Each structure stands twice: as structure tokens, then as C-alpha cells.
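Peer 1: Following this message is one structure expressed as C-alpha cells.
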Amino acid sequence: VTLQNVPQKMTSHSRSIGTHIPAYCTAMGIALLSQLPELEVSDYLNTFPLIAYTDKTLTDKTAILEEIKKTRSKDYAANYEAYIKRQAGIAAPILEHCGKLAGVIGLSGPSHLLRGKVMISKAKKIG
């Protein structure tokens, strides 16, 4: 992927291997949670504190479960500034031929580049 005309004030967020990021507020995490049995999802949501990293972070268990349900029906997850301001993400589960979760693939970037129809278009290509 090549970006042309990259704004000078573009921010970069990188993570080291082993960095822990909460699943409930990232597209990759929601895509992963969408493939787990409901009991495991419930255990996860009851085990870890649901912190609001931004004003768009879902911290209500019912709202998070609804987002997971939507992801199951769409086959991709999307978030907009839920973990880091000015960052958006889309992700889709990768399934083995038998339907078992093999992994998750995702894309994140500046939220002004991943909005509305653009995000949906890219999500459909990933999913």
C-alpha cells in the first residue's frame, strides 16, 4: 500500500511485539471476539476492566456485545477512534476451511482516511 500526498502532521502509532491492547476497543479485537463462544466473550468482558481510552470507546457490556453481534453478521469489524484519537481500524477474522479461527487480519490508519464509504469498501475487501 502506498500513500501519496501524506500530510506532514501525520502521526504514527507502532506497537512492540508482546504489547497488550484491549480487544473490546479495537477492530482486530472485536473480529477475534466475534469468533469465540459467547461464554468466553462474557468471561473476557467480566474479567478485565472496560476503560474509556477515548470518548468513543464502548465500555458498556451490552453495547460491546451488540458490536460483536454486528461483526458476526457482517464478517468484519470497524472502529473509529475507539482506542486512539484520530485512528480508525477495520479487521476480519480468517477462518480455516472447517470454520475454526486461524487468525485476524486488519488495517488501521488515520481516521480521516478511513471514514464512511471508504472504510466499508476496504472492510469488504479484507472480509
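Peer 1: Checking the structure you have, find out if any residue of the stretch 65-77 is within 15 Å of residue 30 (Cβ to Cβ) and touching a residue at least 60 places away in the same chain (Cβ under 8 Å).
Peer 2: no
Peer 1: Another question, then. List the helices (runs of 4 or more DSSP H) that sit entirely inside the stretch 24-127 and contain at least 1 residues that are basic (Lys, Arg) and at pLDDT 95 or above. Before you say what the answer is, go through the steps one by one.
Peer 2: Numbers: elements: 27-33, 38-47, 61-74, 116-126.
Result: 61-74.
Peer 1: When you scan the stretch 78-103, how many residues do you find that are open to solvent by less than 40 Å² (accessible area, probe 1.4 Å), in contact (Cβ under 8 Å) with a residue 40 or more places away in the chain and under 24 Å from residue 37 (Cα atoms)?
Peer 2: 8
The values are calculated or read from the model by the stated rules, or taken from the named source; none is laboratory data. Quantities reported herein were computed from a predicted structural model and do not represent experimental measurements. Because the Cβ atoms are built from the backbone with ideal geometry, glycine has one as well, and the counts that use them run over all protein chains shown. Keep in mind that these areas ignore ligands, DNA and RNA; they rest on the heavy atoms of the full protein, side chains included. Shrake-Rupley method; radii C 1.70, N 1.55, O 1.52, S 1.80 Å.
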